[in-house]
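A short worksheet on the structure shown next.
The values are calculated or read from the model by the stated rules, or taken from the named source; none is laboratory data. Quick caveat: nothing in here was measured; it's all calculated off a predicted structure. When we count neighbours, we look across all protein chains shown, and the Cβ atoms used for this are built from the backbone with ideal geometry, even at glycine.
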Amino acid sequence: MPYSESNALKVLSGIKDPRTGRDIVSAGKLSDLIYKNGVLQVILSIEPALAEGFEPVRKLVENALSQIDGVDKVLVLLTSHKASPKIKKVEKKPPQGNPHKPRRPQGYQGDSKIKSVIAISSAKGGVGKSTVAVNLAIALAKQGKKVGLLDADIHGPSIPIIMGMRGIRASTEEVEGRRLIKPNHQYNIKVMSIGFLTDNEGPIIWRGPMVQGAVSKMLWDVNWGKLDYLIIDMPPGTGDVQIGLSQDIKPNGAVIVSTPQDLALADARKGEEMFRKVNIPILGIVENMAYFTPAELPNNKYYIFGKEGGVALAEKMGLPLLAQIPLVQSICESGEAGRPAVLQEDTPQALAFKELVSSVEAAVEKRNAEAEPTKTLKITHGQHH
């Protein structure tokens, strides 16, 4: 087969990490692929202490990739996540075929059963996607649901801040002889974020394969247990990373968050198109910052970003408008303080998020009635269902 990034990823997906039994792509070992003039350079992120034992894998990678037509030489560089690759990207042939084919792990870890996986998405940053994800998760938990919250926004993990979990680190636990990541707990929710795994607050500069590997690890190698809902805060955008994650995670439904501004609405339409292309049901639209309500005048509404743009967008797309979330100063303050708005009883924003919960649950029921029944996501030793 000729060289393309998708063909190289397909080959690498067949090579397993001898320690975990997982393929090196879904296990997050692949950091970069660089192709120029017949030379393919592969950067694998390995903990320094494990580098010597990874030598057989390095040779397997070289031998396997050298069988691809157009690849005359393979160079494999082992590095750690904290080190910056020394090889600069010079040229890469455009991918051929479908680079977004799902790459599920060979063996899932833990003993988890998740009834519904919901992706919270936005086509652009700054629309309050993470705030919506957090408050939805907490509102569901307040109704007695068992809820997990996964921060898949690798480049800008804000969940630890909004949830009041700054400085908290992830730990591991042994489950049936396997070492798994133990989710942290806050507000009766199981929470996992890349922010719990990094040592500083600097930018995380990773390419697509490494991002997908990191999210895959946080999903499949975390001991989630039994959940009614797993809320996933997706990275903003509609590019390769978002498409790949959508197909890898396969959520039961997606919620698109937008503001009433024309630019945000235009981007939201791109998000809707992306989910339709990868056959992910869209549960509906959330119009965030729909209007401004002063704390001293809770019944007044000021449409500073435009009036009911989300309503018009939902009607045009043929989707339900799940909720209109007001812009209130306390939302910003509560997010910075780590005490989300839904915890403040009987405020306009808390009531709006409670409405969102009802709308989401109704949308999930409708989705299950009109489409194939939702299958419980099982994460078990050595196999997945």
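Exactly one residue among Pro85, Pro48 is over 30 Å from Leu149 (Cα atoms), surrounded by fewer than 13 Cβ atoms within 10 Å (Cβ to Cβ), under 28 Å from the mean Cα position of the chain (by Cα) and modelled with pLDDT under 85, and that residue is Pro48. Counted as qualifying within the stretch 116-205 are the strands (runs of 3 or more DSSP E) with 2 or more residues that are in the same structural domain as Leu351 (by TED's automatic domain parsing) and modelled with pLDDT under 90, namely 171-175, 178-182.
Within the stretch 335-364, residues that are more than 21 Å from Pro157 (Cβ to Cβ) reach partners that are polar (S, T, N, Q) and not in a helix (DSSP H, G or I) with beta carbons closer than 6 Å, at six or more positions or on different chains, in the pairs Pro348/Thr293; Ala350/Gln344; Val364/Ser116. Quick check on Val76: is it under 25 Å from Lys10 (Cβ atoms), modelled with pLDDT of 75 or more and part of a helix (DSSP H, G or I)? So Val76 fails the test. Looking at the stretch 144-173, which of its residues are under 27 Å from Lys354 (Cβ atoms) and buried (at least 21 other Cβ atoms within 10 Å of the Cβ)? Val147, Gly148, Leu149, Leu150, Asp151, Ala152, Asp153, Pro157, Ile159, Pro160, Ile162, Met163, listed by residue number. Selection of the stretch 154-173 for residues being in contact with a Lys or Arg (Cβ under 8 Å, 6 or more places away or on another chain) and touching a residue at least 40 places away in the same chain (Cβ under 8 Å) yields Gly164, Glu173.
Going through Gly70, Gly97 one at a time, which residue ends up being modelled with pLDDT under 85 and either under 30 Å from Met274 (Cβ atoms) or of a type outside the set (A, V, I, L, M, F, W, C) (or both)?
Values: Gly70 fails: modelled with pLDDT under 85.
Answer to the selection: Gly97.
Of everything in the stretch 27-75, what is touching a residue at least 60 places away in the same chain (Cβ under 8 Å) and on the phi > 0 side of the Ramachandran plot? Give them in sequence order.
From the stretch 27-75, those touching a residue at least 60 places away in the same chain (Cβ under 8 Å) are 27-33, 45, 68-71; that's our starting set.
Matches in the stretch 27-75: Gly28, Gly70.
In the set (1) in contact with an Asp or Glu (Cβ under 6 Å, 6 or more places away or on another chain); (2) within 30 Å of Asp228 (Cβ to Cβ); (3) modelled with pLDDT of 80 or more; (4) not hydrophobic (A, V, I, L, M, F, W, C), Gln109 fails one condition alone, (3).
State whether the residues of the stretch 311-322 include one that is basic (Lys, Arg), part of a helix (DSSP H, G or I) and surrounded by fewer than 20 Cβ atoms within 10 Å (Cβ to Cβ).
Taking the stretch 311-322 as the starting set, the residues that turn out to be basic (Lys, Arg) are 316.
This time we only want the ones that are part of a helix (DSSP H, G or I), so: 316.
Next, only the ones that are surrounded by fewer than 20 Cβ atoms within 10 Å (Cβ to Cβ) stay: 316.
Yes, the stretch 311-322 contains a residue that is basic (Lys, Arg), part of a helix (DSSP H, G or I) and surrounded by fewer than 20 Cβ atoms within 10 Å (Cβ to Cβ).
Of the residues contained in the stretch 351-359, one or more are found to be over 20 Å from Ile118 (Cβ atoms), at pLDDT 65 or above and part of a helix (DSSP H, G or I). Sort out which residues of the stretch 360-385 are in a helix (DSSP H, G or I) and at pLDDT below 80, and write them in order of number. Within the stretch 360-385, Asn368, Ala369, Glu370 meet the criteria.
Among the residues making up the stretch 1-42, those that are more than 23 Å from the chain's Cα centre (by Cα), assigned to a strand (DSSP E or B) and of a type in the set (A, V, I, L, M, F, W, C) are Ile34, Val39, Leu40, Val42.
In this structure, Glu296 qualifies as charged (D, E, K, R), without any contact (Cβ under 8 Å) to a residue 12 or more places away in the chain, more than 26 Å from Ile231 (Cα to Cα) and surrounded by fewer than 19 Cβ atoms within 10 Å (Cβ to Cβ). When Ile280, Ile285 are checked against the criterion of being in contact (Cβ under 8 Å) with a residue 24 or more places away in the chain, closer than 25 Å to Glu365 by Cβ and in a strand (DSSP E or B), Ile285 stands alone in meeting it. For the stretch 297-308, state whether one or more residues are at pLDDT 80 or above, among the β-branched types (Val, Ile, Thr), farther than 26 Å from Ser116 by Cβ and not in a helix (DSSP H, G or I). Scanning the stretch 297-308, I find at least one residue that is at pLDDT 80 or above, among the β-branched types (Val, Ile, Thr), farther than 26 Å from Ser116 by Cβ and not in a helix (DSSP H, G or I), so the answer is yes.
Selection of the stretch 217-239 for residues being of a type in the set (Lys, Arg) and either in a helix (DSSP H, G or I) or within 30 Å of Ala266 (Cα to Cα) (or both) yields only Lys217.
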